[in-house]
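Reviewing the structure listed below.
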There are 2 protein chains.
Amino acid sequence: MNPIALDDAFASFDVLWSPRIVARVNDYDVRIAKVEGEHVWHVHDHTDEFFLVLRGELQIVLREESGERTVVLPRGAVFTVPRGTYHKPVSPGGASILMFEPSGTLTVGDRHDEVPGHVEATTGHVL
Amino acid sequence: MNPIALDDAFASFDVLWSPRIVARVNDYDVRIAKVEGEHVWHVHDHTDEFFLVLRGELQIVLREESGERTVVLPRGAVFTVPRGTYHKPVSPGGASILMFEPSGTLTVGDRHDEVPGHVEATTGHVL
């Protein structure tokens with residue numbers, strides 16, 4: 001078990017919206033992803049989902065009781081999407097992100113809109 | 001619930017080895033800390049502990065079956081200390097780090113050497 005350099009990890013793949021698992025913590029994964037454009041509206045019924053932006057800017061559109069709200073995460077920002085909240089990650093200019101979530105969590109959640117071709121339904125790939 | 005800029009969060013405190021909780025994910029905390037010098041040998045019997053280095057360099061000395069081993073985490077490196085492994089974080093030149101671990105996890109673990117005055121036994125502070 002040795003440290004992993006995130007720069008090297010990011011350099012090892014180019015596919016967008018396709019998380020790589022860089023570490024495990026008990027029954028949680030630390031995943032990284034390159035993103036650009038729009039993901040898909042989805043909801044995790046049983047888990048929160050944590051985001052840290054390492055490069056670029058990520059926006060997350062949330063469907064809240066009071067309506068839609070977009071949170072903007074520039075580089076170095078963190079945010080947790082609460083369980084049960086429909087959300088859609090978006091990154092017009094592209095971003096590199098890190099996520100914490102329970103192992104086995106699907107990228108498209110438990111319920112989702114129709115999954116577009118550029119979005120992969122996965123629980124993450126080994127680096 | 002709004003995003004938190006880690007730069008602002010780090011600017012809000014100066015105490016070393018005294019983690020601040022920047023986000024919660026289910027029953028886990030995301031904590032940040034400024035560190036410099038030596039922490040204390042300790043072990044978490046029931047949980048792994050995840051480290052990401054955001055500034056500077058962190059070293060973690062591990063007591064493994066084959067002897068002591070130091071893993072070096074430069075900026076941008078990640079590493080998980082497995083549960084049950086005695087370890088001592090060290091940073092001769094100082095570092096800013098992010099950790100992921102179950103809420104309530106003590107900085108000095110379940111068992112530890114004598115805690116020096118500069119090390120705080122805490123489960124993390126609200127930002």
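The values are calculated or read from the model by the stated rules, or taken from the named source; none is laboratory data. Quick caveat: nothing in here was measured; it's all calculated off a predicted structure. With ideal geometry, Cβ positions are generated from the backbone for all residues, glycine too; neighbour counts draw on all protein chains shown. All accessible areas refer to the heavy atoms of the entire protein, side chains included, with ligands and DNA or RNA removed. Shrake-Rupley method; radii C 1.70, N 1.55, O 1.52, S 1.80 Å.
Quick check on my filter: what residues within segment B:53-78 are open to solvent by less than 10 Å² (accessible area, probe 1.4 Å) and within 24 Å of residue B:115 (Cβ to Cβ)? Hits for segment B:53-78 are B:53, B:58, B:60, B:62, B:71, B:73. When residue B:8 is tested against the conditions (1) crowded, with 18+ Cβ neighbours inside 10 Å; (2) more than 7 Å from chain A (Cβ to nearest Cβ); (3) free of Cβ contacts under 8 Å to residues at least 12 places away in the same chain, the lone failure is (1).
Is it fair to say residue B:29 is of a type in the set (D, E, K, R) and touching a residue at least 60 places away in the same chain (Cβ under 8 Å)? In short, yes.
This table checks each residue for (1) within 12 Å of chain A (Cβ to nearest Cβ); (2) under 19 Å from residue A:24 (Cα atoms); (3) among the acidic types (Asp, Glu).
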position	(1), (2), (3)
B:88	no, no, no
B:95	no, no, no
B:100	yes, yes, no
B:111	no, no, no
B:115	no, no, no
B:120	no, no, yes
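Note on segment A:102-123: among residues that are hydroxyl-bearing (Ser, Thr, Tyr) and surrounded by fewer than 18 Cβ atoms within 10 Å (Cβ to Cβ), the one that is nearest to residue B:100 (Cα to Cα) is A:103.
Would you check if there is a residue in segment A:108-121 being of a type in the set (D, E, K, R), in contact (Cβ under 8 Å) with a residue 24 or more places away in the chain and touching a Lys or Arg at 6+ places or on another chain (Cβ under 8 Å)? No, that holds for no residue. Residues in segment B:14-52 that are outside any loop (DSSP other than H, G, I, E, B), surrounded by fewer than 19 Cβ atoms within 10 Å (Cβ to Cβ) and more than 10 Å from chain A (Cβ to nearest Cβ): B:16, B:21, B:36, B:37, B:38, B:43.
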